[in-house]
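Quick notes on the structure that follows.
Values in this text are rule-based calculations from the coordinates and carry no lab data. Values in this document were obtained by computation on a predicted structure and should not be read as measured data. FYI the Cβ positions are ideal-geometry reconstructions off the backbone, even for glycines, and counts take in every protein chain you see.
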Amino acid sequence: MSRVREITLVNAIPPEDNQVNTLIQWYALSLGLFSARDRDKTCFRIFLELLRNSKNHIAVSSEDLSLKLKVSRGTIVHHLKKLENSGIVDSQGNRYFLTSESLEKLANELRKQVNEIFDKIADVGSELDSIFDSLLKR
């Protein structure tokens, strides 16, 4: 069975200024890295830490992130799994890293995955339409 992807996209209003912090927050918001349950913005903070490390070609452990962000390892692992399931983060052993060192490449890879999902949905939709059409003609 293929791996399940859960990709959250938010159609957020682009920022009017080009401040780096504002742009990073918009990018993360658009990828669904903020949620009402995550009051401390832990997922966003993990993403930032992974981004910093990916630019230096460093993969980090959940323990490293826990110590750096002062958040329980369980919480870190929870968010890392969410990020892995969405295709934003990958792992080798117990080390985690962004799936791409470039945010542009990351967005393009996610777009490709989303398009593949919609292609499958459209194919099944077409098949269902044919089935329903044949049932209605009886």
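Shown is the FRET efficiency for ALA107 and SER130, computed with R0 = 25 Å from the Cβ-Cβ distance and rounded to the nearest 0.05: 0.10.
Take the Cα of VAL10, go 7 Å toward its beta carbon, and the backbone nitrogen atoms of region 56-81 under 18 Å from that spot belong to 79-80. Build a GNM of the chain with springs between Cα atoms under 10 Å apart, and of SER66, SER100, SER126 the one that fluctuates most is SER126.
A straight Cα-to-Cα reach below 26 Å connects LYS105 with the lysines LYS41, LYS55, LYS81, LYS82, LYS120, residues fewer than 8 places away in its own chain not being considered. The long axis of helix 73-85 is offset from the longest Cα principal axis of the chain by roughly 40 degrees. Each Lys or Arg adds one and each Asp or Glu takes one away; over the other residues whose Cβ falls under 9 Å from the Cβ of GLU49, this sums to +2.
Can you run the Rg to Rh ratio on the chain? Use alpha carbon positions and the Kirkwood inverse-distance Rh. On the Cα set of the chain, Rg over Rh gives 1.10.
When each of ARG138, ARG37 is scored by the number of other beta-carbon atoms lying within 10 Å, the sequence from fewest to most is ARG138, ARG37.
The alpha-carbon of LYS137 sits under 13 angstrom from the alpha-carbons of these aspartates and glutamates, leaving out residues fewer than 8 places away in its chain: ASP129. Going from the residue with the fewest nearby Cβ atoms within 10 Å to the one with the most, GLU101, GLU116 rank GLU116, GLU101. Ordered by the count of other Cβ atoms within 10 Å of each Cβ, fewest first, VAL71, VAL20, VAL10 give VAL20, VAL10, VAL71. Amide H to amide H distances under 5 Å link SER61 with TYR96, where only residues 5 or more positions off or on other chains count and H is placed in the peptide plane. Over region 20-136, Cα pairs under 8 Å with separation of 6+ residues give a relative contact order of 19 percent.
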